[in-house]
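Participant: The structure that follows is given in the form of structure tokens.
The values are calculated or read from the model by the stated rules, or taken from the named source; none is laboratory data. In this text the structure is predicted, and so the values were computed from the model without any measurement. In this analysis, Cβ positions are derived from the backbone assuming ideal geometry, glycine residues included, and neighbour counts consider all displayed protein chains. Please note that ligands, DNA and RNA were not included when accessible areas were found on the heavy atoms of the full protein model with its side chains. Shrake-Rupley method; radii C 1.70, N 1.55, O 1.52, S 1.80 Å.
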Amino acid sequence: MSIDQETVKHIAHLSRIELQPKELEKLSGQLHDILGFIDKISSLDIDKVEPTSHILPISNVLREDTPHVSLSPEKALENAPSRKGEFFSVPKIIE
Amino acid sequence: MNYQTVIGLEVHLQLKTKTKAFCGCAIDFGKAPNSGTCPVCLGFPGTLPVYNKEALNSAIKVALAFNCQIQEHTKFDRKNYFYPDLPKNYQISQFDLPLSRNGHLIIFDQEHQPKRIGITRIHLEEDAGKLIHEADSSLVDFNRTGIPLLEIVSEPDLNSPQEAFDYLSSLKSILEYLDVSDCDMEKGSLRCDANISLRPQGAKELGVKTELKNMNSFKGVKDALTFEVKRQTELLQAGQNWQQETRLWDVQKGITVSMRSKEGAKDYRYFPDPDLAVFIINTPMISKIKAGLPELPQEKMRRFMRDYSLSEPDAKILVSSKNDARFAEDCINRYPGKDKKNIVNWLIGPLLSEANSRKLELHELDLDKNELINLIGFVQRQEISLLSAKTILTRMIDSRKSAQTLITEGNLLQISDTAQLEQVIAAVIRENEKSVADFKAGKTNALMFLVGQVMKKSAGKANPKVVTDLIKRRLV
């Protein structure tokens, strides 16, 4: 599987990463190689392997519906880049 | 040309658990902004979500109540997108192995004919935070972030705005019986988006669909869909083409408005959430939850029809709300004798209209059920008229006095005494020569008019049956 520069640009945008033309070229090459390694897996016989969605053999990890103590608003807002009263404040955004 | 309307609904439901889906923050509405958060629901690095047992239980209940197949292996996936109400930059949701699929629920049309509406899937996810938009910034409250949600997706089996409304009513009724959610659209604990398209009658292919958002009541959903049917019909008739789009319902103006959002298919890059282990939901677990399900509205309806000989429409009215059904059944059980038709007529007649005029539900009426039954007894024995009884019912709810007291206070005992009635009848016949002539000429309506006049003169106390007999005897 190969990857073109447009796809890399798209992925960069989805990740909100800005790439310079030089970086784009370099990353396209690197991603191409990485995908090549992954392609090798396709050549393996995995008919007898169960599909894996989690690496640990555990299931049904649940917790009781019992409340814990939440953070105080002051604590919660401590790292906020910007706040207004008890709210986090962000640049205006309406989709 | 005639067009067929095709509607599918997507419902998001907040589960009524004590704590959030993946952390122990208490869910408490009306709390000060950002006072119900913790590192997990704020999406701090290094935190570990663990799903709420109660939420999973509730979700399985809902899936079973809607006749879904439960997925034996189910898992959580990350749905990636950037938006300020989503602190992790992904929503924990389910993609290819949803909790359940292939369910259905039954709605009834105006003629009480059942129709099966398919449910594509019901899956688990988490709610996002709340945004308040100000002039130059947006404010974020993360209290709602992480509240357990169910997404309930219907098949495009609904063919009119009314059917969509009936689907939502039926869905809500079942959810209320299960007691897993507040189901309040105005408060946002139940939210509904609608997909709608039109196609020529008989066509196989679906038309271009519109996604409708921003409705905050069942009526709003119906109104928005009704508007959209009209709009799309006009476009089709004018031979216009249009693109798939999202439109917002403007309740004030009563129209839908295009959202004009950036085009391009969403790329959510779903992948399994490595922080959460899979669930294996086995048959014993399902059986146990199934056994604990309450009697659901349609079972109850069938039982009411069977046990109390109710008609289907009557039974349907009484079971639509769980608490009303309990209230009604209590009244029915207290009512003496095997024939329950009388008490049922009172419930869906005078009692329901008392409740409606007080903007209450049936079960919220402050009423001594035994006194209600006493009151009906007075009517049965023809000691008071039905009209007086309705007046007494109103007063009974206002004052909580007994039927006997209210009858005495209002001097409402019915006059069945022939001698006393004959005098009033004689006067009415004298004063209404035309109606008397009409009756003699064969107009039955005239008789009802004359009886009405007697009732009026006797302040509603005359026994209408006796009056009718007496007038007939005089005039025939």
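Participant: Any chance segment B:421-428 includes a residue that's open to solvent by 40 Å² or more (accessible area, probe 1.4 Å) and of a type in the set (Val, Ile, Thr)? Quick ask: steps written out before the conclusion?
Facilitator: Here is the first cut: in segment B:421-428, the residues open to solvent by 40 Å² or more (accessible area, probe 1.4 Å) are B:422-423.
Applying the additional criterion that residues be of a type in the set (Val, Ile, Thr) yields none.
For segment B:421-428, residues open to solvent by 40 Å² or more (accessible area, probe 1.4 Å) and of a type in the set (Val, Ile, Thr): absent.
Participant: Would you confirm whether or not segment B:108-115 contains a residue that is out of contact with any Gly (no Cβ under 7 Å at 6 or more places or on another chain), surrounded by 19 or more Cβ atoms within 10 Å (Cβ to Cβ) and in the same structural domain as B:Met215 (by TED's automatic domain parsing)? Steps first, answer last, please.
Facilitator: First pass over segment B:108-115, keeping only residues out of contact with any Gly (no Cβ under 7 Å at 6 or more places or on another chain): B:108-115.
Subsequent filtering for residues that are surrounded by 19 or more Cβ atoms within 10 Å (Cβ to Cβ) retains none.
Looking for residues that are out of contact with any Gly (no Cβ under 7 Å at 6 or more places or on another chain), surrounded by 19 or more Cβ atoms within 10 Å (Cβ to Cβ) and in the same structural domain as B:Met215 (by TED's automatic domain parsing), one finds none in segment B:108-115, hence no.
Participant: Let me ask another. Among all residue pairs at least 6 apart or on different chains, which show Cβ distances below 9 Å where the first residue, located in segment B:447-468, is touching a residue at least 40 places away in the same chain (Cβ under 8 Å) and among the small types (Gly, Ala, Ser) and the second is in a helix (DSSP H, G or I) and open to solvent by 70 Å² or more (accessible area, probe 1.4 Å)?
Facilitator: Cβ pairs passing all conditions: B:Ser458/B:Gln420; B:Gly460/B:Leu387; B:Ala462/B:Gln420.
Participant: Out of the residues in segment B:349-368 that are open to solvent by less than 40 Å² (accessible area, probe 1.4 Å), in contact with an Asp or Glu (Cβ under 9 Å, 6 or more places away or on another chain) and in a helix (DSSP H, G or I), which is nearest to B:Lys300 (Cα to Cα)? Working first, answer last.
Facilitator: Of all residues in segment B:349-368, those open to solvent by less than 40 Å² (accessible area, probe 1.4 Å) come to B:349-351, B:354-355, B:362, B:365, B:367.
Filter again for in contact with an Asp or Glu (Cβ under 9 Å, 6 or more places away or on another chain), leaving B:355, B:362, B:365, B:367.
Now narrow it down to the ones that are in a helix (DSSP H, G or I): B:355, B:362.
Numbers: B:Ala355: 22, B:Leu362: 17 Å.
By that ranking, first place goes to B:Leu362.
Participant: Suppose we filter segment B:1-37 for residues that are of a type in the set (A, V, I, L, M, F, W, C) and in contact with a helix residue (DSSP H, G or I) (Cβ under 8 Å, 6 or more places away or on another chain); how many remain? Outline the logic, then answer.
Facilitator: Of all residues in segment B:1-37, those of a type in the set (A, V, I, L, M, F, W, C) come to B:1, B:6-7, B:9, B:11, B:13, B:15, B:21-23, B:25-27, B:29, B:32.
This time we only want the ones that are in contact with a helix residue (DSSP H, G or I) (Cβ under 8 Å, 6 or more places away or on another chain), so: B:1, B:7, B:9, B:11, B:13, B:15, B:21, B:32.
Qualifying residue count for the region: 8.
Participant: Starting from segment B:285-302, take each residue that is without any contact (Cβ under 8 Å) to a residue 24 or more places away in the chain and list its partners that are open to solvent by less than 60 Å² (accessible area, probe 1.4 Å) and outside any loop (DSSP other than H, G, I, E, B), counting only C-beta distances under 6 angstrom and pairs at least six apart or across chains.
Facilitator: Close Cβ pairs satisfying both conditions: B:Met301/B:Ala315; B:Met301/B:Val319.
Participant: Additional query: Mind listing just one residue for me: the one in segment A:45-65 that is at the interface with chain B (Cβ under 7 Å from one of its Cβ atoms) and charged (D, E, K, R) and, of those, least open to solvent (accessible area, probe 1.4 Å)?
Facilitator: We begin by selecting, within segment A:45-65, every residue at the interface with chain B (Cβ under 7 Å from one of its Cβ atoms); these are A:53-54, A:56, A:58-65.
Then keep just the ones that are charged (D, E, K, R); that gives A:63-65.
Values: A:Arg63: 40, A:Glu64: 109, A:Asp65: 20 Å².
Looking at residues that are at the interface with chain B (Cβ under 7 Å from one of its Cβ atoms) and charged (D, E, K, R), I get A:Asp65.
Participant: Report those strands (runs of 3 or more DSSP E) wholly inside segment B:1-106 carrying at least 2 residues which are more than 9 Å from chain A (Cβ to nearest Cβ) and open to solvent by less than 20 Å² (accessible area, probe 1.4 Å).
Facilitator: On the way: elements: B:3-14, B:77-80, B:90-93.
Counting at least 2 such residues, we get B:3-14, B:90-93.
Participant: Has segment B:323-333 got at least one residue that is open to solvent by less than 50 Å² (accessible area, probe 1.4 Å) and within 18 Å of B:Asp166 (Cα to Cα)?
Facilitator: No, segment B:323-333 has no match at all.
Participant: Let me confirm something: among B:Leu212, B:Leu178, B:Leu168, which residue is open to solvent by less than 30 Å² (accessible area, probe 1.4 Å), at pLDDT 95 or above and either under 30 Å from B:Cys38 (Cβ atoms) or more than 25 Å from the chain's Cα centre (by Cα) (or both)? Step through it out loud before you land on a result.
Facilitator: Values: B:Leu212 fails: either under 30 Å from B:Cys38 (Cβ atoms) or more than 25 Å from the chain's Cα centre (by Cα) (or both); B:Leu168 fails: either under 30 Å from B:Cys38 (Cβ atoms) or more than 25 Å from the chain's Cα centre (by Cα) (or both).
Exactly one residue qualifies, and that residue is B:Leu178.
Participant: Tally up the residues in segment A:66-95 that are more than 7 Å from chain B (Cβ to nearest Cβ) and within 23 Å of B:Asp136 (Cα to Cα), please.
Facilitator: In the first step, residues of segment A:66-95 are kept if they are more than 7 Å from chain B (Cβ to nearest Cβ); the result is A:69, A:72, A:74-75, A:78-83, A:85.
Subset that is within 23 Å of B:Asp136 (Cα to Cα): A:78-83, A:85.
Looking only at that region, the number is 7.
Participant: Between residues in segment B:121-136 that are more than 9 Å from every other protein chain (Cβ to nearest Cβ) and residues that are open to solvent by 50 Å² or more (accessible area, probe 1.4 Å), which pairs lie under 6 Å by C-beta distance while being six or more apart or on different chains?
Facilitator: As it stands, the answer is B:Arg121/B:Arg101; B:Asp127/B:Arg144; B:Lys130/B:Arg144, since those pairs meet every condition given.
Participant: Within the bounds of segment B:1-8, is there any residue that is over 19 Å from B:Lys222 (Cβ atoms) and touching a residue at least 60 places away in the same chain (Cβ under 8 Å)? Don't jump to the end; show me each part of the working.
Facilitator: Taking segment B:1-8 first, the residues over 19 Å from B:Lys222 (Cβ atoms) are B:1-2.
Applying the additional criterion that residues be touching a residue at least 60 places away in the same chain (Cβ under 8 Å) yields B:1-2.
Within segment B:1-8, one or more residues are over 19 Å from B:Lys222 (Cβ atoms) and touching a residue at least 60 places away in the same chain (Cβ under 8 Å).
Participant: Examine segment A:57-73 for a residue that is acidic (Asp, Glu), closer than 29 Å to B:Cys41 by Cα and at pLDDT 95 or above, and state whether such a residue exists.
Facilitator: Keep residues of segment A:57-73 that are acidic (Asp, Glu), which gives A:64-65.
From the residues that got through so far, the ones that are closer than 29 Å to B:Cys41 by Cα too are A:64-65.
Subsequent filtering for residues that are at pLDDT 95 or above retains A:64-65.
Yes, segment A:57-73 contains a residue that is acidic (Asp, Glu), closer than 29 Å to B:Cys41 by Cα and at pLDDT 95 or above.
Participant: When the residues of segment B:412-439 are narrowed to those that are outside any helix (DSSP H, G or I) and free of Cβ contacts under 8 Å to residues at least 24 places away in the same chain, which ends up nearest to B:Gln382 (Cα to Cα)?
Facilitator: Going through the qualifying residues, I end up with B:Asp417.
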